[in-house]
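Q: One structure, pasted below without further comment.
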Ligand SMILES: Nc1ncnc2c1ncn2[C@@H]1O[C@H](COP(=O)(O)OP(=O)(O)OP(=O)(O)O)[C@@H](O)[C@H]1O
Ligand SMILES: [Mg+2]
Ligand SMILES: [Zn+2]
Ligand SMILES: [Zn+2]
Ligand SMILES: [Zn+2]
Ligand SMILES: [Zn+2]
């Protein structure tokens with residue numbers, strides 16, 4: 001217990017899928033404490049399935065998965081892992097305030113016989129402040145814009161102060177100013193030692209925050225390394241294809257991101 | 001009024017109505033949230049088979065209905081948890097099977113029992129015995145207690161089941177507890193409004209409350225108020241007007257819904273008229289936007305170019321004067 005494992009996420013030959021059918025296979029991945037990993041890849045490649053695997057939300061079909069030094073199935077305290085889902089259903093068929101949604105992020109840190117009281121307001125309001133929505137705490141979430149609703153979900157993930165934060169396209173539909181605010185939030189969290197796995201199509205929004213890139217294509221990891229190396233990887237792919245704008249002169253090797261980034 | 005209260009059976013009836021009016025919307029709000037508003041109906045169908053078994057074996061139909069309803073609700077959750085598309089059909093089979101078996105068993109037991117059947121389908125509140133009332137009251141206390149204890153968890157699971165699972169909440173267990181609460185509520189309400197109309201008292205007061213409040217906590221309180229109003233008011237009215245109690249309760253609930261919907265749109269229209277929108281903004285005010293932020297009641301105003309602006313439902317309000325709308329005055333620490 002004295003030595004805290006620096007390996008926060010460890011996948012060895014892991015496969016994840018749904019109803020027994022694998023979607024991502026042969027995944028080897030090791031994420032160290034404090035690392036910020038961006039997961040890139042085309043639509044349908046299996047990014048969501050992979051990160052859901054880290055939360056026990058997609059089926060773990062084979063291989064090893066451990067999170068925070070514990071095999072996933074035996075990880076009891078799930079508040080240590082925060083989650084921002086890609087698809088958002090905020091409140092189901094009824095209305096609720098922003099604060100009510102954020103407070104749900106604290107529930108499993110309390111025993112079931114103790115409902116959240118006033119003391120829970122402080123961390124919830126702090127989390128909303130972090131994403132720049134403190135003044136909307138008592139608004140009906142339905143009256144917020146799509147980008148603001150994404151930020152509510154980020155606040156919900158932050159409120160229990162997780163050690164690992166898994167975010168599935170947190171900046172989708174968020175305007176540029178708010179993306180910068182969020183990038184700042186992620187940078188501060190990273191500096192404070194929070195490990196992050198972020199699925200994104202907008203790497204440019206997270207420039208300077210991401211330490212490492214993992215690319216998923218057709219259910220396999222096709223790249224795992226530094227952002228600089230990823231630019232080279234892309235250029236090589238383009239060269240191998242023998243056509244396209246990233247010609248052998250290497251003019252585009254410094255863009256370092258997929259076409260969707262601009 | 002005093003004449004009504006001097007009658008033993010009316011006192012019993014009103015107390016039973018009070019129990020149902022309190023409890024049905026408390027459980028129903030989570031069914032509405034899960035978009036399973038009609039599940040109460042299905043459980044009511046299956047409860048009828050339980051009633052029939054009780055009648056046929058000359059035992060208390062309340063207990064056998066309770067057993068059937070609880071079994072059905074647990075089965076529903078297990079089917080839903082498997083997440084198969086055939087789940088919907090499985091539920092349909094169970095619901096229709098329940099009501100069909102109920103009819104067949106009752107008629108088989110004694111041809112003269114159709115009156116009993118009608119009583120359970122449409123309610124027969126004035127035949128409620130003191131023993132039954134005591135049982136209903138005890139069950140209602142248990143339902144209310146469990147909901148008050150677990151409502152935040154029910155809210156989380158019903159609102160976003162996947163997130164609830166990721167955050168470590170015992171999703172299946174909570175859904176099963178909610179299912180059992182639904183089943184018990186169905187049985188408690190069976191006498192007052194009947195198995196065919198039970199769902200109405202779980203759903204309609206909540207539909208009305210949704211017209212008036214944007215906070216889950218506040219909407220829950222409104223719904224309980226509306227539920228009591230409809231059930232107690234409906235039973236009283238049915239005595240005065242000599243109408244069927246169950247139907248009267250539900251018609252009154254619908255009237256309450258219409259009134260709430262009108263009040264809600266009137267309030268929104270007044271609010272629109274009373275406050276002034278600021279000009280369109282190119283940026284979103286926030287802690288880091290560079291404009292001076294001044295707390296103003298329960299929200300924050302931002303000062304720039306001689307204006308005071310406060311965020312409101314996707315636009316900014318001009319808060320130079322005091323005439324403005326409060327977002328949600330309700331305390332949200334549920
Ligand atoms: N719940 C599910 N059940 C069965 N198959 C699924 C499920 N969710 C996703 N899939 C399948 O898994 C594959 C990968 O989907 P996934 O959501 O992981 O892609 P993604 O990389 O996140 O795509 P996007 O960029 O569009 O979010 C798809 O072929 C999809 O059809
Ligand atoms: Mg995805
Ligand atoms: Zn501003
Ligand atoms: Zn103001
Ligand atoms: Zn302004
Ligand atoms: Zn306004």
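Q: Hey, what number do you get for chain A at 222 nm if only DSSP H runs of n ≥ 4 count, each worth -39500 (n - 2.57), divided across all residues, to the nearest 500?
A: Estimated from H runs of four or more residues: -8000 deg cm²/dmol.
Q: Let me ask you something else. Could you check how many percent of all C-alpha pairs in chain B are farther apart than 28 Å?
A: When every Cα pair of chain B is considered, 50 percent fall beyond 28 Å.
Q: Just B:209, B:173, B:244 to compare: in a GNM of chain B, with alpha carbon springs under 10 Å, which one fluctuates most?
A: B:173
Q: Kindly provide the pair-distance distribution of chain A built from C-alpha pairs, with 5 Å bins from 0 and whole-percent values in order of increasing distance.
A: In whole percents, the pair-distance histogram is 1, 6, 12, 16, 18, 16, 14, 9, 5, 2, 1, 0, 0, 0.
Q: Let me ask something additional. For helix B:130-159, what angle does its Cα long axis make with the longest principal axis of chain B, in degrees from 0 to 90 and rounded to 10?
A: 40
Q: Compute the Cα gyration tensor for the stretch B:101-235, then decide on rounded, prolate or oblate, letting a ≥ b ≥ c be the square roots of its eigenvalues: rounded whenever a/c is under 1.5, prolate when a/b is larger than b/c in the other cases, and oblate in all that remain.
A: Prolate shape, in that a/c is at least 1.5 and a/b is the bigger ratio.
Q: Let me ask you something else. Going by a ≥ b ≥ c, the root eigenvalues of the Cα gyration tensor, does the stretch B:166-294 fall in the rounded group (a/c under 1.5), the prolate group (a/b larger than b/c) or the oblate group?
A: oblate
Q: Using 0.36 nm times the number of residues separating residue B:240 and residue B:279, minus their current alpha carbon distance, what extension gain do you get?
A: Value of the extension gain: 8.4 nm.
Q: Output the antiparallel fraction of DSSP beta bridges having both residues in the protein assembly as shown, as a percent to the nearest 5.
A: 70
Q: Could you work out Rg/(2.2 N^0.38 Å) for the stretch B:188-240, with Rg from alpha carbons only?
A: 1.20
Q: For all pairs of alpha-carbon atoms in the stretch B:233-302, what percent lies in each bin of width 10 Å, listed from the first bin to the last filled one?
A: Going from the shortest bin to the longest, the percentages are 16, 22, 19, 15, 13, 11, 2.
Q: Between the stretch B:22-95 and the stretch A:147-217, how many Å separate their Cα centres?
A: The distance from the Cα centre of the stretch B:22-95 to that of the stretch A:147-217 comes to 43 Å.
Q: To continue, here is another question. Give the angle, between 0 and 90 degrees and rounded to the nearest 10, that separates the Cα long axis of helix A:176-191 from the longest principal axis of the Cα atoms of chain A.
A: Helix A:176-191 and the main axis of chain A meet at about 90 degrees.
Q: When the helix-only estimate is applied to chain B (DSSP H runs of n ≥ 4, each -39,500 (n - 2.57), divided by the residue count), what is the mean residue ellipticity at 222 nm, nearest 500 deg cm²/dmol?
A: Calculated mean residue ellipticity at 222 nm is -23500 deg cm²/dmol.
Q: Limiting things to C-alpha atoms, what are the Rg and the maximum Cα-Cα separation (Dmax) for the stretch A:141-227, in angstroms?
A: In Å, with Rg to one decimal and Dmax whole: 13.5, 41.
Q: So which residue, out of B:12, B:243, B:185, gets the largest mean-square fluctuation from a GNM of chain B using Cα contacts under 10 Å as springs?
A: Residue with maximal mean-square fluctuation among B:12, B:243, B:185: B:243.
Q: Oh, and also: What do you get for the angle between helix B:245-274 and the principal long axis of chain B? Use alpha-carbon atoms, 0 to 90 degrees, nearest ten.
A: 0
Q: For the protein assembly as shown, which semi-axes, largest first and in whole Å, follow from the square roots of 5 times the eigenvalues of its Cα gyration tensor?
A: They are 51, 31, 19 Å, listed largest first.
Q: Take the alpha carbon gyration tensor of the stretch B:2-199, find the square roots of its eigenvalues, order them as a ≥ b ≥ c, and report rounded if a/c is under 1.5; if not, report prolate when a/b exceeds b/c, else oblate.
A: Note, shape of the stretch B:2-199 comes out oblate.
Read-outs: derived from the displayed coordinates by stated rules, not from any lab. Source: prediction; values computed, not measured.
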